[in-house]
1. In the range 312-356, which residues have a backbone nitrogen under 18 Å from the label point lying 7 Å from Lys113's Cα in the Cα-to-Cβ direction?
2. So, by mean Cβ neighbours within 10 angstrom, what's the order for 263-269, 60-66 with the highest one leading?
3. Apply the membrane-span-like helix rule to the chain: whole DSSP H runs, Cα extent along the own long axis of at least 18 Å, mean Kyte-Doolittle hydropathy at least -1.0. List the helices found.
4. Lys236 versus Asp70, label points 7 Å from Cα toward the beta carbon: distance in nm?
5. Treat every Asp and Glu Cβ in the chain as -1 and every Lys and Arg Cβ as +1, leave all other atoms uncharged, and give the resulting dipole magnitude about the Cα centre to the nearest 20 debye.
6. Suppose the chain between Glu307 and Thr229 were pulled fully straight at 0.36 nm per residue; how much longer would it get relative to their current alpha carbon spacing?
7. May I ask you to list the residues of the range 121-147 whose amide nitrogen lies under 18 Å from a point 7 Å from Cα along the Cα→beta-carbon direction of Asp172?
8. Straight-line reach from Lys264: which lysines have a Cα under 22 Å away, not including same-chain ones fewer than 8 places off?
Amino acid sequence: MINGHGGNIYECARKLNCSPDEIIDMSSNINPLGSPPLFLDDMKSHIDKIHQLPEVNSKTLIRTFAVYYDKHIDQIACAAGTTEFIYQLPLILNSKKVLILGPTYADFADACKRTGVDFKYLISEAANDFQPLLKDKDMQYVDTVYICNPNNPTGYFMPFSQIKSLCKSYPDVRFIVDESYLHFSQDYEYETMIRSGLTNVIILCSFSKIFAIPGLRLGFMVAHKDIITAFRKQEKPWNVNTMAQIAGSYIFENNLEIQNFIQKTALYIQTEKKRFQQSLAQHPHVESFGSFAPFILIKLPDQFMAENISSKLLQKKVLIRDCSNFYGLSSNYIRIAYKDEENNKQILEYLNELLR
């Protein structure tokens with residue numbers, strides 16, 4: 001795992017000799033609106049359940065997920081976040097040659113390194129808004145492809161029709177599609193690959209981002225039953241804790257509240273995205289990228305280094321993501337996760353001062 005994932009707020013607080021609560025964490029990509037209010041009330045009402053062991057293999061939660069998406073339970077696995085799947089899949093699939101569409105989330109490559117699997121990147125360019133330009137020659141000898149959709153950190157989004165066509169074009173290749181940020185789209189239900197019906201597609205679905213519960217760790221994998229069976233042979237007992245199981249059940253059983261919350265979030269993200277774009281537009285040679293993800297990727301002018309800008313912002317107790325350790329990005333890229341309106345306005349004021 002690379003040193004520099006978002007959310008290293010505790011280390012920064014130690015360096016600044018302050019409380020983590022004093023730092024505005026704009027490095028971690030979670031919902032700026034927080035969690036659904038009634039959802040939190042429900043979690044509090046079940047706090048006594050921490051005295052009980054979780055249900056083994058999360059069978060009830062998996063059944064609820066299956067009913068919601070009209071899938072068979074043999075096609076679904078549940079884990080403590082999608083990270084568990086990412087690190088198990090190279091072994092489960094017996095991958096020999098992996099292609100990673102980048103620049104993207106470092107754990108895809110780290111999972112391959114940890115298991116000794118050969119991998120290569122296909123790096124998209126800023127000039128094309130980071131759209132992957134995949135050609136037949138790129139797929140030679142490849143048996144597994146990692147796609148983050150929408151992508152972290154570029155925010156590029158590949159529409160359902162496009163990604164389905166790609167996966168159908170290479171039926172002998174397994175496509176791992178990480179949809180951790182897809183919930184932030186108003187059209188999530190129409191864009192998710194969960195209902196694609198393709199047996200060579202493995203979908204990773206995270207609840208940590210959209211419902212602002214990264215501390216609970218909850219994720220799902222939808223795949224062919226043989227892949228799920230192979231994962232279950234490797235998974236640890238009680239790999240999903242009791243409160244995460246309760247959280248997942250609430251989300252599926254209160255569909256109207258949850259859908260309204262997702263819609264409200266999507267509208268907020270678009271409003272704040274426009275705010276950032278308009279503010280950054282006053283600076284020559286500053287570029288920004290992003291779709292409906294809860295963050296914006298910013299390319300700074302050549303004379304500004306991401307490390308320097310990040311350091312100066314941290315002195316103001318604002319933590320952002322220095323993207324220089326993303327393979328395929330230069331030292332001029334930063335990523336900022338949207339927060340509440342007041343904090344968003346504040347960081348834009350700071351940036352305007354630093355970029356003069």
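1. From the range 312-356, the list is 322-331.
2. 60-66, 263-269
3. 255-280
4. 3.8
5. Here the chain has a charge dipole of around 520 debye.
6. Roughly 23.7 nm would be gained on extension.
7. Inside the label zone: 135-145.
8. Correct list for Lys264: Lys209, Lys273, Lys274, Lys339, Lys345.
No value in this document is a laboratory result; all are computed from the given coordinates. Because the structure is predicted, anything quoted here is derived from the model rather than measured. Positions of Cβ are backbone-derived with ideal geometry, glycine not excepted, and every protein chain shown enters the neighbour counts.
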